[in-house]
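Participant: Dropping a structure here in structure tokens format, bear with me for questions.
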Amino acid sequence: VCPGRRNAPAARPGAGVLSLSAGRLDPLSWLGLPILQCVLATILFSLPVRVFGWGLPEPIFCMAPAFAWAVIRPSMLAPFGVLVMGLFLDLFWGGPLGLWALSLLVAYGAVLGARSMMVGQSRPMMWIWFAVACAVAELVAFLVTQLTARATPNLLAVLWQFLATILLYPFAHRLIDRFDDADVRFR
């Protein structure tokens, strides 16, 4: 004990163990990197590559972090990240400005509202929840497109995009696993 210094309070047993296994919740690793990965994946999958005459699918990569951020914990930054990703999709694909931003934010809000029912569920059940969130986003996009274009979008294309998007759940699961225990305030 040093003279003139207070002794540090005794640590609880196992107090530092959680911080070793959980990822930090700094904005760059929690929000910035997933946004960058979604942007790059969207650009990559939009390249005019044909495999056996078929083009690459166009899943909504941004759905994986939007779902994961709502499941991990409430945050003030995550909706802004979802908004940025949605506006990027609108500008990149040339759709009406706000279409995917609105769709992703509605899905994010739905997941955030149902978060208490999702916590602690098995991986297959979480995949079903992810599919429901994807269906919400696709339905909003479908309805907004139908209202703005005054025509029904191709249902087969919407179905293929939905199916390609729900296959992205392992990426959302990885993000959830990485940061779920990072903030002990929300357990």
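Participant: Tell me which of these Phe88 doesn't satisfy, since it passes every other one: (1) at pLDDT below 95; (2) out of contact with any Gly (no Cβ under 8 Å at 6 or more places or on another chain); (3) over 22 Å from Asp177 (Cα atoms).
Facilitator: Condition (1) is where Phe88 drops out.
Participant: When the residues of the range 40-58 are narrowed to those that are of a type in the set (Val, Ile, Thr) and modelled with pLDDT of 85 or more, which ends up nearest to Glu138 (Cα to Cα)?
Facilitator: Checked the range 40-58; the qualifying residue nearest to Glu138 (Cα to Cα) is Thr42.
Participant: Could you identify the single residue in Met125, Met76, Met63 that is over 23 Å from Trp30 (Cα atoms) and not polar (S, T, N, Q)?
Facilitator: Of Met125, Met76, Met63, the one residue that is over 23 Å from Trp30 (Cα atoms) and not polar (S, T, N, Q) is Met125.
Participant: Is it true that Ser46 is within 22 Å of Asp26 (Cα to Cα) and either surrounded by fewer than 19 Cβ atoms within 10 Å (Cβ to Cβ) or more than 14 Å from the chain's Cα centre (by Cα) (or both)?
Facilitator: In short, no.
Participant: Looking at the range 72-100, which of its residues are in a loop (DSSP other than H, G, I, E, B) and either closer than 16 Å to Pro34 by Cβ or under 12 Å from the mean Cα position of the chain (by Cα) (or both)?
Facilitator: Arg73, Ser75, Leu77
Participant: If you take the residues of the range 131-182 that are farther than 17 Å from Leu89 by Cα and acidic (Asp, Glu), which of them is surrounded by the most Cβ atoms within 10 Å (Cβ to Cβ)?
Facilitator: Once the filter is applied, the top-ranked residue is Asp180.
Participant: Among the numbered criteria (1) more than 24 Å from Arg150 (Cα to Cα); (2) at pLDDT below 95, which one does Gly95 miss?
Facilitator: Only one criterion is unmet by Gly95, namely (1).
Participant: Being surrounded by 14 or more Cβ atoms within 10 Å (Cβ to Cβ), over 12 Å from Cys62 (Cβ atoms) and without any contact (Cβ under 8 Å) to a residue 24 or more places away in the chain is the requirement here; does Pro124 meet it?
Facilitator: Values: surrounded by 14 or more Cβ atoms within 10 Å (Cβ to Cβ): no; over 12 Å from Cys62 (Cβ atoms): yes; without any contact (Cβ under 8 Å) to a residue 24 or more places away in the chain: yes.
So Pro124 does not fit the description; no.
Participant: Of the residues Val106, Val144, Val158, only one is in contact with a helix residue (DSSP H, G or I) (Cβ under 9 Å, 6 or more places away or on another chain), under 29 Å from Asp26 (Cα atoms) and either assigned to a loop (DSSP other than H, G, I, E, B) or among the aliphatic types (A, V, I, L, M) (or both); which?
Facilitator: Answer to the check: Val106.
Participant: Can you say whether Leu77 is closer than 16 Å to Ala172 by Cα and out of contact with any Phe, Trp or Tyr (no Cβ under 7 Å at 6 or more places or on another chain), as far as the supplied structure shows?
Facilitator: It is false that Leu77 is closer than 16 Å to Ala172 by Cα and out of contact with any Phe, Trp or Tyr (no Cβ under 7 Å at 6 or more places or on another chain).
Participant: Cβ-Cβ distance below 8 Å, separation of 6 or more or different chains: which pairs start in the range 73-90 with a residue that is touching a residue at least 12 places away in the same chain (Cβ under 8 Å) and crowded, with 21+ Cβ neighbours inside 10 Å and end on one that is of a type outside the set (Val, Ile, Thr) and assigned to a loop (DSSP other than H, G, I, E, B)?
Facilitator: Val82/Cys62; Met85/Cys62; Gly86/Cys62; Gly86/Gly98; Leu89/Cys62; Leu89/Gly95
The values are calculated or read from the model by the stated rules, or taken from the named source; none is laboratory data. Treat the numbers as computed from the prediction; the structure is a model and nothing was measured. In this analysis, Cβ positions are derived from the backbone assuming ideal geometry, glycine residues included, and neighbour counts consider all displayed protein chains.
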